[in-house]
1. Taking the Cα of residue 179, stepping 7 Å toward and past its beta carbon, and measuring to each backbone N in region 137-160: which are under 14 Å?
2. In which sequence would 99, 126, 197, 86 go, from the one with the fewest C-beta neighbours within 10 Å to the one with the most?
3. What is the extension gain from residue 153 to residue 171, computed as 0.36 nm multiplied by their sequence separation minus the C-alpha to C-alpha distance, in nm to one decimal?
Amino acid sequence: MLDTPHSSHHSKSIPSLLLEVAMIVVGVFLGLAAEQWREGRHEHDLALASLRNFRAEIITNQTQLTRVRSYHEALARNLQSFTEEKAPHTFRRFLVDVKFQGMRTVTLERTAWDLALATQALSYMKPDMAYAISRLYTRQQTFQTIENGFMQSAFTPTVFADTSNAVGLTIAMMAYMGDVHIQEPSLLKAYDIMLPKLDSALDDRAPARIAPAAAAVSGVDSAVH
């Protein structure tokens, strides 16, 4: 029996239809795969940029704390000596004997932390790295809270109302310096521990420390997904 034009048309259209469906399915699959790759690439680069920001910010904070350590140590010793003196504890003598040049508090940078929260970059890092960074910034915030609380309560007009008596301020400063001598060395030690971790994550062994993301991909696989 000879095929009619009608049956011939149907015998050719079915394979063509199947081929078109297969091509559509493959196209959709490739599109989804490409989109997933782009998202993964974006997350990877975002985590890498955040690690760089954390490293730079921690170095800045480390430098600030290091600069004031010797002054704070000397200030604590001078405060102790001042309280032990028999002469009148006037503010004039306080300024001279204590060699007071301000409290030299440190405002620790936290822009990298705020940006990482805003961009959810921490979620693209491995949990142990994100935890270590979060813990460090929590310790910074604790120290900053102690600083702010002291500065707001210690240096008020009433403290200087009686210029003949600096004992109250001296005692408050000594108590505060006790916290400073715990917090500052603790933070500096934490920075010393964190920086090598960040360097390792960034594969920071090349001369160009801040390399483009594409050039440092192989060195951050241990820190980012």
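1. Answer for region 137-160: 139-155.
2. Working: 99 12, 126 15, 197 18, 86 5.
Going from least to most buried by this count: 86, 99, 126, 197.
3. On the way: separation 18, 0.36 × 18 = 6.48 nm, distance 1.30 nm.
Between residue 153 and residue 171, full extension yields an extra 5.2 nm.
Since every read-out is calculated from the coordinates, none of them should be taken as a lab result. The structure displayed is predicted, hence computed values, not measured ones. Neighbour counts are summed over all protein chains in view; Cβ atoms, including those assigned to glycine, are modelled from backbone coordinates with ideal geometry.
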